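First up is the structure itself, then whatever we jot down about it.
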Amino acid sequence: MINFTRLLTYFLITLSFSSFSAQISPQQIEQFKSLPKSQQQALAQSMGIDLNAVMGQISSQSEEKKLSTTELSPRPEAELDTENQAESSDFETDEELFKPLERFGMDVFANAPNTFTPTMDIAIPEQYILGVGDQLSVQIYGKENIEYVLPITREGTVLVPNIGPVKIVGLAFAEMKEFLAEKIKQSIIGVNVVVSLAELRSMRIFVLGEAYKPGPYTLSSLSSVTHAIFAAGGVSDIGSLRNIAVKRAGKVVKIVDLYDLLIHGDSSSDILLHSGDVVFIPTQSKSVSIRGEVRRPAIYELKAGEDFNHVLAMAGGLLPSAYPQSTIVERYNKQSLRSIVNIDLTDEQARKQLLQSGDYIRVLESSGMYEQSITVIGAVTRPGKYQWQQGLKVADLLPNLNSHVLPYADLSYGLVVRQKDKARNIEILQFNLAKALEQSLSDTADNLFLQPHDKLLIFSNVTKHIDEKMSLDELAFTQEQLFAKEREQAKNSYKEQSFWEKYGGNSSNPSLDTSADAEAENMTKQSLVQITNAALDEEVNIREMALFSRHRLLVPVLRKLRQQGASGQPIRLVEVDGQVKFPGVYPLAKNANISDLVAAAGGVKESAYLARAEVTRNYFTQEGATKLSLNVDLGLALTGDNQSNIALQSKDRLNVHKIPAWSENHVVELRGEFVFPGKYTIRRGETLADLIAKAGGLTEYAHPDASIFTRKQLKELEQKNLVKLAGDLRIEMASKSLTEKGTSASYDDAQKLLADITELEPVGRLVINLPDIMAANSAEILLEGGDVLYVPTMKNSINVIGQVQVSSSHLYNAAMSAEDYIGQSGGVKKRADEERIYVISANGSIKMVEESNWFAGASNTALKPGDTIVVPLDSEYMNDLTLWSTATQIIYNAAVAVAAINGI
């Protein structure tokens, strides 16, 4: 209690000289207020102080502090983003190219602080003018050690104990320190004095004009013009940033240009404000817009006499990619019409031209063309632009196969695409990359000299089609970049989605069935392993290898050559077909001959007939054009014989024939009850009867009437027919939904039904009568690769399936009819179509059950072992919609067919 009493005593003493001491914390003031009224009065009387005056000072100080720390709302950034966009330019009509510009400097006000109360630990400027409300800290040491906190009274004086009042208002801070210290030293001998500022006063100023929130504001005495503008939320959308006036007593004392602060960091014009000052923000007078290849495109406010040099400086200067020689200035003329003025910003005199209000300056971008460069495209490890030097050759760019060329690159065929004139017409040069890189043949003709702007194309030995709109420059990427681009373009393609789903990508529709595509991809993939001689344990990525295929890289070249064709300038294209690895259209290289075209096509196949090939050529006369056929010895041409290796002309077509009677190894499989079942390689023209004889015939347990013969081509044909039928049914479904109401087949159910149709697995069965074929009583069946013949073991049973109570198999009894077997299966169901019951014979043929014959026991419809009785579903029982009945019948019959085969 004694320590607290001492503290309160010191507190009251300081309050007698100061309205609010910096050394008394708010907690201590609250403690004094919490004392009982009687104790506060006793302490005040003991010190000879009026308690009411002390409490009044505390209340007034709290109110002043509240005024000086009023929270200020900074300008919302969303409003800054939208203002003044209308002033960017009336010329901005293209949303993609000309987005609205923003006024320069407006974004600064979005980050304004919430309060402008000054920090007390900052240095006080020497020129700071003291005023009423400031509090001084006076420390006296030496003969006496005393510390006071003295407020400046309303009379402009400070009351120094034992000395009296000293008038200091209006003095600068530096002058006051020297004056007051000298005054105290004269009164108290043998002491030193340190004078500082304990607390700053508050002042009321006005921010008027085009401020965001104009009005009066209470700020600290150290606030400057920018503090006041920030307190008002910044400048409005039509306010000026470069002509802000500070008025004091009705007179303008300073014109503030915020561009000096924002662009150059010059705060010399940001003066301190006095109480009662007015910060007036006028409307913006003139402005220009600049966009394009400058560092800081925006709308800038103009002052009188400013030219292009000034606006370029405000915009931060030109970018390296700028083309200043043809800068476009859009402005309104005297007739209030828009006009175009071209300015060369590299000309000093042109840059000194004065700007006009509303000018819209566009600094264009340079062309982006490369000078003295070579572009390498295709199956190389580092494609892109390279510097051209005098004497540069192909081998200089690609000196080593292992480090510079991808493993699947085609080393026998490369192209150089060269611009031959100023019109950018091209010519083609062909080379063999392997020969160009041979050290012993450094001077070979394949090691071509390169010229500026040449494009070097290295192909992969895989083919793939590509979008014909792409250009060569768009193909000058690495395989990873092209792989990513292709993946992005494949999002909406079914085949592409299937590919990515199969090979580890992310598919947007994981439910897609990719079995057919996967089989085709795997087959192609296996052949590619052989083509590229890749290691057997390496995973060959077919899509990655095809990124630089002939079709992909040649598309822009062929398109350009077609564009160059004109009267008297034939199109420099040739074609190769037949027994080559990559048949198609190729650019006609300079001095190209037959062997060059074969190399472009990847070489000949194993089945190529080299003794004779045909070249078809256009021959033009005065009467018109005719076709000539030239026979050449392809074998001699490939060895370099000059007579056979003739030079090619525009639109020549080379046809490489197949060796007569050439055939690949076609395999047919025999399954089941054969003496020697297995796979057999057939010769051309071999029949089924010949193959059965080669396999030793049938065993004694064979059931030839139940044989199943399937053919790959028939399976593919059935699949196509199913897809076509699904499309026809989809059209019928749409028309039914538009023309009929109340149908029980909903759209979703019908869609699922159509999906089931497309997912059906076709059988590809060819119905044959094997006993007649073996007895030579029927037409011969010529075998094809992929044929399969299955002869099951004899089964003495009759199958009953479909709409019966229990699908079952029964022992064959020659005395029983179809009705008897159906009865043994429990009879037909309610939804059965009893008028269309049919029998699938063991050999696959179908016979309808006719009441007039069945019960008469006609021999032509008698049941045989292995037959299947089918009781179909009456699809019209549920709905008379043709779509529903047709689709249901297809699915049902397909299921029945599979069940019948499995039951044989």
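Leaving ligands, DNA and RNA out of it, work out the accessible area of THR346 with a 1.4 Å probe and give it in Å² to the nearest 10.
Taking all protein chains as shown, THR346 has close to 80 Å².
Taking only C-alpha pairs under 8 Å that are 6+ residues apart, what is the relative contact order of segment 338-430 in percent? Each step should come with its number before you reach the end.
Numbers: 62 pairs, mean separation 13.6, N = 93.
Value for segment 338-430: 15 percent.
Could you give each residue of segment 822-828 its phi-based ³J(HN,Hα) in whole Hz, using Karplus coefficients 6.51, -1.76, 1.60 with θ = phi - 60°, and x for Gly or Pro?
5, x, 5, 8, x, x, 8
For ASP307, put the label point 7 Å out on the Cα→Cβ axis and report which residues of segment 354-371 keep their amide N under 14 Å from it.
354-356
Return the sequence-ordered ³J(HN,Hα) values of segment 288-303 in whole Hz as given by the Karplus equation 6.51 cos²θ - 1.76 cosθ + 1.60 applied to θ = phi - 60°, using x for Gly and Pro.
10, 10, 9, 9, x, 8, 10, 6, 9, x, 5, 9, 10, 7, 9, 10
For segment 284-438, what is the accessible area per residue in Å², given a 1.4 Å probe and the full set of protein chains? Don't skip to the end; give the middle numbers.
On the way: 7900 Å² over 155 residues.
Per residue, segment 284-438 has 51 Å² of solvent-accessible surface.
What is the Cα coordinate range of segment 313-418 on the first, second and third principal axes, sorted by size from largest, in whole angstrom?
69, 26, 25
Tell me which chymotrypsin sites (Phe, Trp or Tyr not before Pro) from segment 654-726 have a DSSP coil assignment and no more than 14 other beta carbons within 10 Å of their own.
On the way: sites: TRP662, PHE674, TYR680, TYR701, PHE709; in loops: TRP662, TYR701.
Passing both the DSSP loop test and the Cβ count: TRP662, TYR701.
Take peptides 809-817, 152-160 and line them up by average Cβ neighbours within 10 Å, highest first, as a rough protection proxy.
Details: 809-817: 12.9, 152-160: 17.2.
Most protected by this proxy first, the peptides run 152-160, 809-817.
Sorted by average packing, counted as other Cβ atoms within 10 angstrom per residue and highest first, what order do 686-697, 547-558 take?
Values: 686-697: 15.7, 547-558: 21.9.
Those peptides, ordered most packed to least, come out 547-558, 686-697.
Using 1/(1 + (r/R0)^6) with R0 = 45 angstrom and r between the beta carbons of SER267 and SER321, what's the FRET efficiency to the nearest 0.05? Write down the numbers at each step before the final one.
Working: r = 34 Å, r/R0 = 0.75.
Between SER267 and SER321 the formula returns 0.85.
Which net charge results when you count Lys and Arg as +1 and Asp and Glu as -1 among the other residues whose beta-carbon is under 12 Å from that of GLY190? Can you show the working numbers first?
Details: positive: LYS143, LYS185; negative: GLU144.
Local charge sum for GLY190: +1.
Can you give me the long-range amide H partners of VAL191? Hydrogens built in the peptide plane at 1.01 Å from N, cutoff under 5 Å, separation of 5 or more residues or another chain.
LYS143
Students often get this wrong: which residues of segment 792-811 have the backbone nitrogen under 17 Å from the point 7 angstrom along Cα-to-C-beta of ARG836?
Label zone hits: 801-804.
Out of the total accessible area of segment 282-435 (probe 1.4 Å, heavy atoms of protein only), what percent is carbon and sulfur?
On the way: 3710 of 7900 Å².
With neighbouring chains kept in place, the figure for segment 282-435 is 47 percent.
How large is ³J(HN,Hα), in whole Hz, for each residue of segment 775-791 in order, when computed from phi with the Karplus curve 6.51 cos²θ - 1.76 cosθ + 1.60 and θ = phi - 60°, using x for Gly and Pro?
8, 6, 9, 9, 5, 6, 10, 6, 7, 10, x, x, 5, 9, 10, 10, 10
The values are calculated or read from the model by the stated rules, or taken from the named source; none is laboratory data. Being a predicted model, the structure only gives us computed values, none of them experimental. Counting neighbours? That spans all protein chains shown, and the Cβs are built from the backbone with ideal geometry, glycine included. Calculation scope for accessible area: heavy atoms of the full protein, side chains included, ligands and nucleic acids excluded. Shrake-Rupley method; radii C 1.70, N 1.55, O 1.52, S 1.80 Å.
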